[in-house]
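See structure below.
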Amino acid sequence: MYRILCVFLVAGFMSANTNAQSVTGVLQDVSDNTPVSNATVKLSTANLLSTEFTSVSNHKGIFTFNEVPSGDYTLTMTSIGYTTITKQIAVRTGNNDLGAITVFKSAQTLQAVIINGEAPPVKQNGDTLDYAVSQYKVNPDVTGEDLIKKMPGITVD
């Protein structure tokens, strides 16, 4: 009885592994063929009842989906700075290598950027507070005591 049970378990594991396919591909920039890393790749079907598969490309641009059932899928790639790529694929038995998928940059060149700012009125250096006197609005004929009274954290008696 024990041997028959073992045979059925082994046959069940082998049949479960034959129904699962893998899908791999490489994401490359179309302009210089550099790999696109950390891109989100999604594999989904038109059937709303099925699950979606999600992967992230590695530093070489390679993405992999394991244990994907056979069928027709939509592959969607999104990454910051690149256009979204949507591709229809058919997953068949075994390993499905999609090869190199080229993606286009979608960067916008901005005009000149001007940053206007002022130094913070108080800066902490270790255990010392540095006050920028120019950041406090006072009259030109003010005394030092009146200026110090305006600074946060200081009281004058």
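When we measure straight from the Cα of LYS87, which lysines land under 26 angstrom away, once same-chain ones fewer than 8 places off are left out?
Filter leaves LYS42, LYS60, LYS105.
What whole-number distance in Å separates the alpha-carbon centres of the stretch 36-83 and the stretch 101-157?
46
What relative contact order, as a whole-number percentage, does the stretch 86-157 give when Cα pairs under 8 Å and 6 or more residues apart are counted?
15
Quick one: 3J(HN,Hα) in Hz for the stretch 24-35, Karplus 6.51/-1.76/1.60 with θ = phi - 60°, rounded, Gly and Pro as x.
So the J values, rounded to whole Hz, are 10, x, 10, 9, 10, 6, 5, 6, 9, 6, 7, x.
Return one number: the angle in degrees, 0 to 90 and rounded to the nearest 10, between the long axis of the Cα atoms of helix 2-18 and the longest principal axis of the Cα atoms of the chain.
Taking the Cα atoms of the chain, the angle to 2-18 is about 60 degrees.
What is the sum of charges, Lys and Arg at +1 and Asp and Glu at -1, for the other residues whose Cβ falls under 13 Å from the Cβ of THR84?
+3
Mind telling me which of SER31, SER79, SER55 comes out most flexible in a GNM of the chain, alpha-carbon contacts under 10 Å?
Maximum among the listed residues: SER31.
Taking all protein chains in place and a 1.4 Å probe, what share, in percent, of the accessible surface of the stretch 57-157 do carbon and sulfur account for?
Answer for the stretch 57-157: carbon and sulfur cover 51 percent of the accessible area.
How far is it, in nm, from the label point at LYS105 to the one at VAL133 when both lie 7 Å from their Cα along the line to the Cβ?
Simple spin-label model gives 4.9 nm for this pair.
Tell me the net charge near THR54. Cut-off is 14 Å between Cβ atoms, THR54 excluded, with +1 for each Lys or Arg and -1 for each Asp or Glu.
It works out to a net charge of -1.
Give or take rounding to whole Å, what are the principal axis extents of the alpha carbon atoms in the stretch 106-149, in descending order?
57, 30, 10 Å, listed from the longest principal axis down.
Just want to confirm a number: the relative contact order over the chain, from Cα pairs under 8 angstrom separated by 6+ residues, in percent.
21
Which residues among the stretch 91-130 fall inside the zone where the amide N is under 18 Å from a point 7 Å beyond the Cα of VAL142, along Cα→Cβ?
Counting only backbone N, you get 118-123, 130.
Only sites in a loop by DSSP and with at most 16 other Cβ atoms within 10 Å count here; which chymotrypsin sites (Phe, Trp or Tyr not before Pro) in the stretch 59-153 make the cut?
PHE104, TYR136
Run down the lysines and flag those whose C-alpha is under 27 Å from the C-alpha of LYS149, throwing out any fewer than 8 positions away in its chain.
Filter leaves LYS123, LYS137.
Using heavy-atom solvent-accessible surface (probe 1.4 Å) with all chains present, what is the largest-first order of VAL68, VAL122?
Heavy-atom accessible area, descending, gives VAL122, VAL68.
Picking from ASN96, ASN47, ASN33, which is most flexible by a Gaussian network model of the chain using Cα springs under 10 Å?
ASN47
The values are calculated or read from the model by the stated rules, or taken from the named source; none is laboratory data. This structure is a prediction, so every number in the text was calculated from the model and none was measured. Ideal geometry is used to build each Cβ from the backbone, glycine not excepted, and the neighbour counts take in all protein chains shown. Note: areas computed on protein heavy atoms with side chains; ligands, DNA, RNA excluded. Shrake-Rupley method; radii C 1.70, N 1.55, O 1.52, S 1.80 Å.
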